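Every number here is computed from the coordinates shown, using simple stated rules; none is lab data. If you're wondering where the values come from, they're calculated on a predicted model, not measured in any experiment. Positions of Cβ are generated from backbone atoms using ideal geometry, with glycine treated the same way; all protein chains shown enter the neighbour counts.
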Amino acid sequence: MTTSPGRVRRAALPLPLPEQTVFGFRFTSSPRDARLARRLASCQMDAWGWHPGTPPHDAVELIVGELAANSVTHGRVPGRDAALRLCRRDGEGRVRIEVSDTRGERLPVVQDAGSEEDGGRGLVLVTALAKEWGVMARPGAPGKTVWAVVGTGVPPASRERQ
């Protein structure tokens, strides 16, 4: 495949695989890539056996969507990427979501948005769906990582063996 001058061929997207316990994806700080991060998280949850419509799948998809949107809206630095990381912890019955950006000085705050407000409810939803969530310094790079933990119960592979 050839690319036109001035166009850089984008690296292949990561494949959601059932056997991997960690899924990672770096994305540009754009709304389009925030949507892609949400879609890839959905595909990874499906590969792990939590299909669309199940509470763990839908909670992870919504939380990734909110955190990725917040990252590209409030944590954007031109020319710097954001990152998504999902970690499946079968023994603990949970999935940890991490979304990192380069704006460490802009920490997320849960707001009580009024009925006339267009936004400001995302972290309220994250708080409702996650067992816990928080913010930490981005490991190995400037910025912050916003993380959330979703309870999954018994892993789907374990249920099939019973």
Exercise. Kindly write out, for the stretch 15-23 in residue order, the coupling ³J(HN,Hα) from the Karplus curve 6.51 cos²θ - 1.76 cosθ + 1.60 (θ = phi - 60°), rounded to whole Hz, with x marking Gly and Pro.
Key: 8, x, 10, x, 7, 7, 9, 10, 10
Quiz item: Which far-off residues, 5 or more places away or on another chain, put their amide H under 5 Å from the one on ARG106, with H placed in the peptide plane?
Solution: none
Quiz item: How long is the gain from LEU13 to LEU107 if the chain were fully straight, where each residue apart is worth 0.36 nm and the alpha carbon distance is subtracted?
Solution: 31.0 nm
Self-check item: Measure of compaction for the stretch 66-114 (Cα Rg per 2.2 N^0.38 Å)
Solution: 1.39
Quiz item: Using 7 Å Cα-to-Cβ label points, what is the ARG121/HIS51 separation (nm, one decimal)?
Solution: 3.0 nm
